[in-house]
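Notes follow the structure.
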Amino acid sequence: MTDHFGSCLCGTVRFEVQGNFDSFYLCHCRHCQKDTGSAHAANLFAQSAKLTWLAGADAVNSFTLPDTSHNKSFCKLCGSALPSIQLAGLLVVPAGCLDTEVSMLPTAHIFTSSKAPWDGVFGEVPTFEKLPE
Ligand SMILES: [Zn+2]
Ligand SMILES: [Zn+2]
């Protein structure tokens, strides 16, 4: 059993997850591209872990895309992605909002059929450890 802690960018919302994650998916579907503004979502999934809001629970908003099961929770002040509980009690935690280290490696890339043309070309693009001069 591991405890994980996380927060949003502005620090208003803080939470704890008690328990272990079952899987870790990098989803490249169009919904996740739109909702993250990035190449893919990076979500940890847990069937039995328990989510507790430690601060700012009233700043947590959620959105479900009509006619889909695509759901997102976010801080209404800073817009950061936050954990949500989806159908059948499945806890979904965006990996980037955790402050404690995630030791689990991604389980799989999914929906790669819709990935952006610029996604996954890291080997061919210059990299800098920080902002280049
Ligand atoms: Zn926030
Ligand atoms: Zn997706």
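Any read-out appearing in this document is the output of simple, stated calculations on the displayed coordinates, not a laboratory observation. Here the structure is a predicted model, which is why all the values come from computation and not from measurement. Because the Cβ atoms are built from the backbone with ideal geometry, glycine has one as well, and the counts that use them run over all protein chains shown.
Rounding to the nearest 20 debye, state how big the charge dipole of the chain is about its Cα centre with +1 on each Lys and Arg Cβ and -1 on each Asp and Glu Cβ.
340
To the nearest 0.05, how large is the calculated FRET efficiency for residue 63 and residue 14 if R₀ is 22 Å and r is the Cβ-Cβ distance? After rounding, the FRET efficiency stands at 0.60. The ranking of 58, 35, 67, 22 by Cβ neighbour count inside 10 Å, starting from the fewest, reads 67, 58, 22, 35.
For the chain, the relative contact order works out to 29 percent when only alpha carbon pairs closer than 8 Å and six or more residues apart are counted.
3J(HN,Hα) along the stretch 118-133: 8, 7, x, 10, 4, x, 9, 10, x, 10, 10, 5, 9, 4, x, 5 Hz, from the Karplus curve 6.51 cos²θ - 1.76 cosθ + 1.60 with θ = phi - 60°, whole Hz, x for Gly and Pro. The helix-only estimate of mean residue ellipticity at 222 nm for the chain, built from DSSP H runs of length n ≥ 4 each weighted as -39500 (n - 2.57), is -1500 deg cm²/dmol after division by the residue total. Exposure proxy shown here: for 53, 118, the number of other Cβ atoms within 10 Å sets the order, fewest to most, as 118, 53.
At 0.36 nm per residue, and after removing the present C-alpha to C-alpha distance, how many nm does the segment from residue 39 to residue 110 gain when stretched out fully? The partial results should precede the final answer.
On the way: separation 71, 0.36 × 71 = 25.56 nm, distance 1.19 nm.
Length gained, residue 39 through residue 110: 24.4 nm.
Note on the chain: percent of Cα-Cα distances in each 5 Å bin, starting at 0 and stopping at the bin with the largest distance, equals 2, 10, 18, 21, 21, 15, 8, 4, 1, 0.
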